[in-house]
Amino acid sequence: MTFRTELRAMMRLAVPIVAVQLGQMLMGVVDTIMVGRVSAEAIAAVALGNLYFFGAAIFGMGALMALDPVVAQAVGAGDTVAVARGVQRGVVLSLGLSVVATALLLPARPVLGLLHQPPAVADVAATFARVEIAGILPFHIFGALRQSLQALKRIAP
């Protein structure tokens, strides 16, 4: 293979992956922009709530990244049963990780109080974090399926 061919193949894989990562990061930015004209307190609360949510969810996303090499190895070996098992276990793991993240998100108000956040900001940020609980399971399942599809070289939208 020539350098140009390799670069083209790598870009075909990398660009959609980078787009997904940017999209996930931009969700917090959009939340902050949406409350930008409300008040400085609202901006602080949304930013703090988003940071709290991200802190609780990132462990799960990191754990789910282990699916990529597991599924890719099964694909390389031509073992379709192991591929299906890897994806299935990723979804089950997502459920368990979502329970852990929910347990971390529920006590947001007391935790933010212990971190000496202003009470008014902490109240709104805790509410924001609790509302985000509804999206934690879909967020983790998306991560499991994304990692599995990346391993299968299926990265198109």
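The values are calculated or read from the model by the stated rules, or taken from the named source; none is laboratory data. From a predicted model like this one, the values you see are computed outputs, not experimental measurements. Neighbour counts are summed over all protein chains in view; Cβ atoms, including those assigned to glycine, are modelled from backbone coordinates with ideal geometry. When the accessible area is computed, the model is the full protein with side chains, heavy atoms only, and any ligands, DNA or RNA have been set aside. Shrake-Rupley method; radii C 1.70, N 1.55, O 1.52, S 1.80 Å.
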Exercise for review: Within the stretch 6-28, track down each residue that is open to solvent by less than 50 Å² (accessible area, probe 1.4 Å) and closer than 17 Å to Leu51 by Cβ.
Suggested key: Gln24, Gly28
Check your understanding: Among the residues of the stretch 96-111, is there at least one that is of a type in the set (A, V, I, L, M), open to solvent by 60 Å² or more (accessible area, probe 1.4 Å), part of a helix (DSSP H, G or I) and in contact (Cβ under 8 Å) with a residue 60 or more places away in the chain?
Key -> no
Review point. Quick check: anything in the stretch 29-40 open to solvent by 60 Å² or more (accessible area, probe 1.4 Å) and within 21 Å of Leu152 (Cα to Cα)?
Key: no
Review point. Before we move on, is Asp68 part of a helix (DSSP H, G or I), over 22 Å from Leu26 (Cβ atoms), open to solvent by less than 50 Å² (accessible area, probe 1.4 Å) and among the acidic types (Asp, Glu)?
Key: yes
Exercise for review: Select from the stretch 112-123 the residues that are among the hydrophobic types (A, V, I, L, M, F, W, C) and part of a helix (DSSP H, G or I) and write down the one among them that is farthest from Ala144 (Cα to Cα).
Suggested key: Ala120
Check your understanding: In the stretch 119-139, how many residues are surrounded by fewer than 14 Cβ atoms within 10 Å (Cβ to Cβ) and touching a residue at least 24 places away in the same chain (Cβ under 8 Å)?
Key -> 1
Point to revise | Failed item, numbered, when Phe59 is tested on (1) more than 11 Å from Ser148 (Cα to Cα); (2) touching a helix residue (DSSP H, G or I) at 6+ places or on another chain (Cβ under 8 Å); (3) open to solvent by less than 80 Å² (accessible area, probe 1.4 Å) | key: (3)
Check your understanding: What about Arg89, is it assigned to a helix (DSSP H, G or I) and without any contact (Cβ under 8 Å) to a residue 24 or more places away in the chain?
Key -> yes
Review point. Can you pull out the residues in the stretch 81-90 that are surrounded by 14 or more Cβ atoms within 10 Å (Cβ to Cβ) and within 10 Å of Ser148 (Cα to Cα)?
Key: Val83, Gly86, Val87, Gly90
Review point. Name the pairs: first residue in the stretch 18-41 and of a type in the set (Phe, Trp, Tyr), second residue open to solvent by 70 Å² or more (accessible area, probe 1.4 Å), Cβ to Cβ under 8 Å, at least 6 apart or on different chains?
Key: none
